[in-house]
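What follows is a set of notes on a single structure, which appears directly below.
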Amino acid sequence: MTASKQALQKVPLFESLNEQEVTLLGEVSSIKTFEKAQTIIHKSDEGDTFFSIVSGKVKVILTDEEGKEYIVSILKPLDFFGELALLDGEPRSASVVALETTEVLVIKREEFLRLITSNPELCIKIVGVLGRRLRKANEHIESLVFLDVCGRLARLMLDLGEQQGKRTEDGTLLEIEYSRTELANLIGTTRETLTRALKTLETMGYLSINKSKITITNEPGLRTRMY
């Protein structure tokens with residue numbers, strides 16, 4: 001089995017594909033390595049490539065006119081980005097930079113379109129997953145617009161709990177891989193305000209915090225902070 005095919009089998013975007021479809025996609029995929037601080041894609045670049053992280057970690061960023069950097073998200077193995085480029089080929093909406101040595105699975109748009117033209121069922125499956133991902137993105141945008149800092153933090157904790165939480169006797173354990181500054185950027189606030197919000201949610205009994213380990217101790221209560 002090729003390295004590309006092995007990586008494809010783990011990508012959530014392609015989880016509904018059968019063995020034959022994964023094999024076909026593997027034939028138009030490759031693995032590429034980026035070093036720490038290397039830019040993988042620049043904002044406004046031509047959108048012609050899909051990436052899925054095999055190992056390492058990247059940050060998705062926007063920069064204002066003064067050069068200040070805003071972290072939109074931090075992605076790790078099994079996460080993917082640039083997926084819309086497979087369909088529309090429009091310019092990139094953000095930049096992506098490697099936070100450490102990072103290996104990515106790469107699929108070029110031209111080869112992908114050629115493949116799905118002869119395999120319409122493959123296209124239908126992938127578009128379905130993209131639709132669900134876009135809904136999640138809309139929820140994130142709504143939280144930034146309508147929720148206060150504690151509400152945005154509550155939603156982030158619940159999302160992390162769903163994605164990587166471990167069930168324990170005390171609740172859902174999260175081993176946070178982000179720094180406090182990165183967490184603050186993810187909810188559009190400052191490190192100081194994030195610290196106060198964490199303390200607030202802990203005082204309310206929704207979270208238990210021990211350095212990089214955060215336990216969701218009252219999930220229903222935490223959900224009430226999202227509305």
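The values are calculated or read from the model by the stated rules, or taken from the named source; none is laboratory data. None of these values were measured; they are calculated from a predicted model. We place every Cβ from the backbone using ideal geometry, glycine too, and count neighbours over all the protein chains shown. Only protein heavy atoms, including side chains, enter the accessible area calculation; ligands, DNA and RNA are left aside. Shrake-Rupley method; radii C 1.70, N 1.55, O 1.52, S 1.80 Å.
Worth pointing out:
- A Cβ distance below 7 Å, combined with a sequence gap of six or more or placement on separate chains, defines the contacts here; from the range 23-34, residues that are over 17 Å from ASP48 (Cβ atoms) reach residues that are open to solvent by 40 Å² or more (accessible area, probe 1.4 Å) and modelled with pLDDT under 85 in the pairs LEU24/ASN119; GLY26/THR2; ILE31/ALA3.
- The number of residues in the range 208-223 being in contact (Cβ under 8 Å) with a residue 24 or more places away in the chain and more than 23 Å from the chain's Cα centre (by Cα) comes to 3.
- With respect to being open to solvent by 50 Å² or more (accessible area, probe 1.4 Å) and on the phi < 0 side of the Ramachandran plot, LYS108 fits the description.
- Test: GLU46 is in a loop (DSSP other than H, G, I, E, B), open to solvent by 60 Å² or more (accessible area, probe 1.4 Å) and touching a helix residue (DSSP H, G or I) at 6+ places or on another chain (Cβ under 9 Å): yes
- Test result for ILE53, surrounded by 12 or more Cβ atoms within 10 Å (Cβ to Cβ), touching a Pro at 6+ places or on another chain (Cβ under 9 Å), free of Cβ contacts under 8 Å to residues at least 60 places away in the same chain and not aromatic (Phe, Trp, Tyr): yes
- Of residues in the range 49-69 being small (Gly, Ala, Ser) and in a strand (DSSP E or B), the one farthest from VAL11 (Cα to Cα): SER55
- Cβ pairs under 8 Å, 6+ apart, first in the range 168-181 and more than 16 Å from THR217 (Cβ to Cβ), second in a loop (DSSP other than H, G, I, E, B): GLU177/LYS57; GLU177/LYS76; GLU177/SER212
- The condition of being at pLDDT 90 or above, part of a strand (DSSP E or B) and within 23 Å of ILE176 (Cβ to Cβ) holds for only one of VAL106, VAL96, VAL72, that being VAL96.
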